[in-house]
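First comes the structure, then the notes that go with it.
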Amino acid sequence: LPHVEAIYFEPGRSLTQEGEAIVSRVLDIRRTGNDKVAEIVVDACIAELPLISSYSHRVFFQSRTGNDSLINELPFSSLKKGETKIMGRICMEIDILSKGLNIPSSVQLGDLVIFGDAGAYERTMSYDFGRG
């Protein structure tokens, strides 16, 4: 290719996927009869994370107990597989952000759920429906 003056590369998912996170707050907690956390509703939704069911995302939790700042001094914990469903805010049957994570039983309204690996095509493929 003797006449090529420039080659452009698009770094894509391999370089940018881990570069963004979505911080959401717990809006509702749904417990079973024995006070086990069955579902939580957060203020994020599939409008921001349209590929959440197709690709693995790290998810973190932070208690907001008595702290008004967005990110506080309390530690983040990485959420592993569990039984609590995480639902998005648009209240549609497809707005499921996780089918099962180990949300602490001490969860309270306003606690933070952070979805990692939300860069790359998550943001560019998002859609306006449900954004309010």
Gain on full stretching of the segment that runs from residue 96 to residue 35 - 0.36 nm per residue minus C-alpha separation: 19.8 nm
Estimated inter-spin distance, residue 25 and residue 58, nm [label 7 Å along Cα→Cβ]: 2.5 nm
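No lab work stands behind these numbers, since they all come straight from the coordinates. Note that this is a predicted model, so its numbers are computed, not measured. Heads up, the Cβs are rebuilt from the backbone with ideal geometry, glycines too, and the neighbour counts pull from every protein chain shown.
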